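Values quoted throughout were computed directly from the atomic coordinates according to the rules given, and no laboratory measurement underlies them. Since the structure is predicted, the reported quantities are computational estimates derived from the model, not experimental observations. Counting neighbours? That spans all protein chains shown, and the Cβs are built from the backbone with ideal geometry, glycine included.
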Amino acid sequence: MSSVRAAVIDGVTLSCALDSERTPTSSTIILERIGELSADAEGDQVRLAAMGKIEPLAPEGSIPPEIAQHLNRPMAYSDGAPVDDAI
């Protein structure tokens with residue numbers, strides 16, 4: 001088993017809207033490792049269930065400005081042309 005684990009993953013999540021055309025959508029995302037699995041599988045499941053009850057939106061003002069700026073940066077096509085929000 002490898003001991004190398006990502007502490008932070010920074011990227012883009014892709015999904016489909018739940019409309020009839022299944023419109024593709026994307027969003028910037030940062031995932032941060034908050035813990036490891038233990039030898040107690042049942043305890044891990046209890047911890048996971050408790051985390052599922054946490055409010056998924058960060059409280060206003062709790063995100064460091066550099067992270068907010070990184071997540072809200074302007075997007076561009078591979079040729080450098082800006083992405084028009086109206087598309």
Exercise for the section: Check Ala58, Ala17, Ala49 and return the single one that is out of contact with any Cys (no Cβ under 9 Å at 6 or more places or on another chain) and farther than 30 Å from Val83 by Cβ. Expected result: Ala49
Fill in the blank from the handout: Taking first residues from the stretch 60-81 that are at negative phi and part of a loop (DSSP other than H, G, I, E, B) and second residues anywhere that are surrounded by 10 or more Cβ atoms within 10 Å (Cβ to Cβ) and not aliphatic (A, V, I, L, M), the pairs with Cβ under 8 Å that are 6 or more apart or on different chains are Asn72/Thr28; Arg73/Thr28
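Yes/no matrix, rows are residues, columns are (1) surrounded by 10 or more Cβ atoms within 10 Å (Cβ to Cβ); (2) touching a Lys or Arg at 6+ places or on another chain (Cβ under 9 Å); (3) among the polar types (S, T, N, Q):
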position: Val4; (1), (2), (3): no, no, no
position: Val12; (1), (2), (3): no, no, no
position: Arg22; (1), (2), (3): yes, no, no
position: Glu36; (1), (2), (3): no, yes, no
position: Glu42; (1), (2), (3): no, no, no
position: Ser62; (1), (2), (3): no, no, yes
position: Gly80; (1), (2), (3): no, no, no
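Among the residues of the stretch 1-53, how many are part of a loop (DSSP other than H, G, I, E, B) and under 30 Å from Pro74 (Cα atoms)?
12
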Handout entry: Single residue of the stretch 2-14 satisfying the filter (in contact (Cβ under 8 Å) with a residue 12 or more places away in the chain and of a type outside the set (Val, Ile, Thr)) that is farthest from Leu71 (Cα to Cα)
Key = Arg5
Handout entry: All positions within the stretch 47-87 that are among the hydroxyl-bearing types (Ser, Thr, Tyr) and under 20 Å from Ile34 (Cα atoms)
Key = Ser62
